[in-house]
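To keep things clear, I will list the structure first and then write my remarks on it.
The values are calculated or read from the model by the stated rules, or taken from the named source; none is laboratory data. Not measured: the values here are computed from a predicted model. Virtual Cβ from ideal backbone geometry, glycine too; neighbours counted across all protein chains shown. To get the accessible areas, we keep the full protein, side chains included, count just its heavy atoms, and leave off ligands, DNA and RNA. Shrake-Rupley method; radii C 1.70, N 1.55, O 1.52, S 1.80 Å.
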Amino acid sequence: MERILNRIPSFWLVILGFLGIILAGALLLMLPFATRPGESTTFSDALFTATSAVCVTGLVVHDTVSHWTLAGQGIILLLIQLGGLGVVMAVIGLSMIRRKQIGLKQRNLMQDSVSAPSLGGIMDLFLFIIKGFILFETAGALCFLLSWHSSMPELQNIWYSLFHSVSAFCNAGFDLMGANAPFSSLTAWSGHTLINTAVMLLIIFGGIGFVSWKDIIQHRLSFRKYHLQTKIILVTSLLLVLLPALFFFLTELKNLPLKDRLLASLFQSVTTRTAGFNTVDLTAFSDRGVAIMILLMLTGGSPGSTAGGMKTTTLAVLAATAWSVLRKSPDTILFQRRIRSEQIRTAMSLLFVYFTLFFLGGMVISAVEELPLLTCLFETASAIGTVGLTLGITPSLGLFSRIILMFLMFLGRVGGMTVFFALIPAEHTAGKYPAEPIAIG
């Protein structure tokens with residue numbers, strides 16, 4: 001068995017690992033004990049929910065608390081945790097618990113799954129990631145326990161706190177707040193400072209990436225000593241939180257009291273890039289606001305994190321490349337470092353793949369379901385960015401549209417380049433074709 005696994009390319013192992021967990025989760029969710037009495041779960045519903053959970057997206061066809069039993073919610077939580085940790089990391093963690101030797105193949109998989117710069121110290125990084133998950137999710141759960149101690153029974157509070165902490169840190173967006181109003185997410189807590197702050201911090205911490213966190217802990221507040229990737233992630237993430245929040249504050253949320261308006265603006269800016277929670281009614285946003293959210297969802301989080309999307313580094317490299325062209329500079333420079341041409345090509349390829357699939361998916365769903373194009377584009381951006389926000393159309397979509405969303409969620413979590421490297425054979429040429437200039441622009 002080990003010889004067979006060693007012959008399989010690493011990207012196929014990642015894909016098959018995710019597919020295996022999704023299928024197992026779907027089968028578990030179809031069992032009678034997972035669904036509340038009077039409710040039924042088809043295979044397509046179970047598969048969609050399992051895909052959304054493992055791909056830490058949050059798009060759902062059934063309200064989580066009203067459709068699934070405690071056991072069903074537990075299965076979803078386990079799938080979220082596996083998806084957030086990464087299937088490869090989870091399987092290798094089990095191997096370590098069983099005291100099995102971690103070989104070079106497994107270490108390469110670990111490096112790919114967390115976007116580590118090198119194989120050196122990869123096992124230390126793995127242990128650092130596990131400790132980070134435990135620390136952040138425990139801290140988040142304690143914040144929720146304090147917030148909800150007077151509003152629900154103790155055991156329910158413990159379960160809700162754990163569930164939402166894991167869901168927020170893994171950037172999943174699943175919630176259990178639909179008992180009174182299905183699919184309501186966190187709208188009932190839009191003015192609660194601690195809940196909003198805890199969820200935002202969990203989303204940000206989970207979406208930055210553990211390689212960056214290790215860099216930050218090692219060099220503390222010395223920004224100059226950070227690796228280039230960490231600098232790009234921190235600055236880009238900060239801009240992607242503050243600028244959209246300012247836009248939402250000035251244009252979309254004028255009717256809220258000042259404190260609630262500030263919290264809601266920041267929350268929607270943070271959650272839109274990858275998490276899937278919401279504290280206000282998104283259907284009340286203008287087309288301008290929806291368009292901004294679509295761009296944020298396509299961008300997503302950062303490499304090696306629990307988030308999906310094109311990633312903040314991709315956006316930064318593309319922006320820096322455009323600026324270098326406008327300045328007629330031969331190189332793309334970020335923080336006094338030159339970006340390699342192959343990384344620029346990869347960023348451009350990612351933009352092309354994500355935008356093409358997002359746009360075509362939205363067009364097809366709009367045609368099949370006879371729904372407004374902008375609403376459908378919001379849905380496909382949410383899926384491929386593994387965000388989970390919706391304008392309310394997910395439960396009513398037909399099977400074909402759900403298949404499109406499942407494919408986009410899977411691609412967004414596993415990685416667009418990983419999927420296409422697996423599907424498209426590599427081209428090997430003995431030499432180079434002659435060059436010929438063409439007009440651009």
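For segment 195-215, the set of residues classified as closer than 20 Å to GLY86 by Cα and either of a type in the set (Ser, Thr, Tyr) or touching a Pro at 6+ places or on another chain (Cβ under 8 Å) (or both) consists of GLY209, VAL211, SER212, listed by residue number. Residue check: PRO395 meets all listed conditions (1) crowded, with 24+ Cβ neighbours inside 10 Å; (2) within 15 Å of PHE183 (Cβ to Cβ) but one, namely (1).
Can you name every residue in segment 26-59 that is charged (D, E, K, R) and either surrounded by fewer than 15 Cβ atoms within 10 Å (Cβ to Cβ) or within 22 Å of the chain's Cα centre (by Cα) (or both)? Answer for segment 26-59, where residues must be charged (D, E, K, R) and either surrounded by fewer than 15 Cβ atoms within 10 Å (Cβ to Cβ) or within 22 Å of the chain's Cα centre (by Cα) (or both): GLU39, ASP45. SER113 - would you say it is in contact with a Gly (Cβ under 7 Å, 6 or more places away or on another chain), of a type in the set (Ser, Thr, Tyr) and modelled with pLDDT of 75 or more? Here the answer is no, as SER113 does not meet what is asked.
Here is a yes/no grid of residues against (1) among the aliphatic types (A, V, I, L, M); (2) open to solvent by 40 Å² or more (accessible area, probe 1.4 Å); (3) under 23 Å from the mean Cα position of the chain (by Cα):
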residue	(1), (2), (3)
THR193	no, yes, no
GLN218	no, yes, no
SER222	no, no, no
ILE233	yes, no, yes
PHE267	no, no, yes
THR272	no, no, yes
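Taking the criterion of being among the hydrophobic types (A, V, I, L, M, F, W, C) and either buried (at least 24 other Cβ atoms within 10 Å of the Cβ) or touching a residue at least 40 places away in the same chain (Cβ under 8 Å) (or both), the residues of segment 320-343 that qualify are LEU334, PHE335. Listed residues MET177, MET96; which is open to solvent by 10 Å² or more (accessible area, probe 1.4 Å) and either at pLDDT 90 or above or not in a helix (DSSP H, G or I) (or both)? The match here is MET177. Only one entry in VAL317, VAL290 is closer than 30 Å to GLU342 by Cβ, out of contact with any Asp or Glu (no Cβ under 7 Å at 6 or more places or on another chain) and either open to solvent by 30 Å² or more (accessible area, probe 1.4 Å) or of a type outside the set (Phe, Trp, Tyr) (or both), namely VAL317.
In segment 141-160, the count of residues that are farther than 19 Å from VAL65 by Cα, among the aliphatic types (A, V, I, L, M) and in contact (Cβ under 8 Å) with a residue 40 or more places away in the chain is one or more.
Among residues that are under 24 Å from the mean Cα position of the chain (by Cα), more than 25 Å from ALA50 (Cα to Cα), surrounded by fewer than 17 Cβ atoms within 10 Å (Cβ to Cβ) and not small (Gly, Ala, Ser), PHE400 is not included. Checking THR69 against (1) closer than 22 Å to GLU379 by Cα; (2) of a type in the set (S, T, N, Q); (3) in contact with a Lys or Arg (Cβ under 8 Å, 6 or more places away or on another chain), which test does it fail? Only one criterion in (1) closer than 22 Å to GLU379 by Cα; (2) of a type in the set (S, T, N, Q); (3) in contact with a Lys or Arg (Cβ under 8 Å, 6 or more places away or on another chain) is unmet by THR69, namely (1). Of all residues in segment 242-262, those satisfying the criterion of being open to solvent by 20 Å² or more (accessible area, probe 1.4 Å) and within 25 Å of the chain's Cα centre (by Cα) are LEU242, LEU243, LEU246, PHE247, PHE249, GLU252, LEU262.
State which residue is nearest to SER165 (Cα to Cα) when the search covers only segment 43-77 and only residues that are among the aliphatic types (A, V, I, L, M) and assigned to a loop (DSSP other than H, G, I, E, B). Among those residues, the one meeting the criterion is VAL56. For LEU360, the criteria (1) under 17 Å from GLY308 (Cβ atoms); (2) open to solvent by 60 Å² or more (accessible area, probe 1.4 Å) hold in every case but one, which is (1). Report yes if ILE208 is in contact (Cβ under 8 Å) with a residue 12 or more places away in the chain, touching a Leu at 6+ places or on another chain (Cβ under 8 Å) and within 27 Å of LEU79 (Cα to Cα), otherwise no. In short, yes. Filtering segment 150-173 to residues that are open to solvent by less than 50 Å² (accessible area, probe 1.4 Å) and not in a helix (DSSP H, G or I) leaves MET152, CYS170, ASN171, ALA172, GLY173.
Residues in segment 180-191 that are in a loop (DSSP other than H, G, I, E, B) and either farther than 24 Å from GLN73 by Cα or touching a residue at least 40 places away in the same chain (Cβ under 8 Å) (or both): PRO182, PHE183, SER185, LEU186, SER190, GLY191.
Applying the set (1) more than 18 Å from LEU298 (Cα to Cα); (2) free of Cβ contacts under 8 Å to residues at least 40 places away in the same chain to ALA264 leaves exactly one unmet item: (2).
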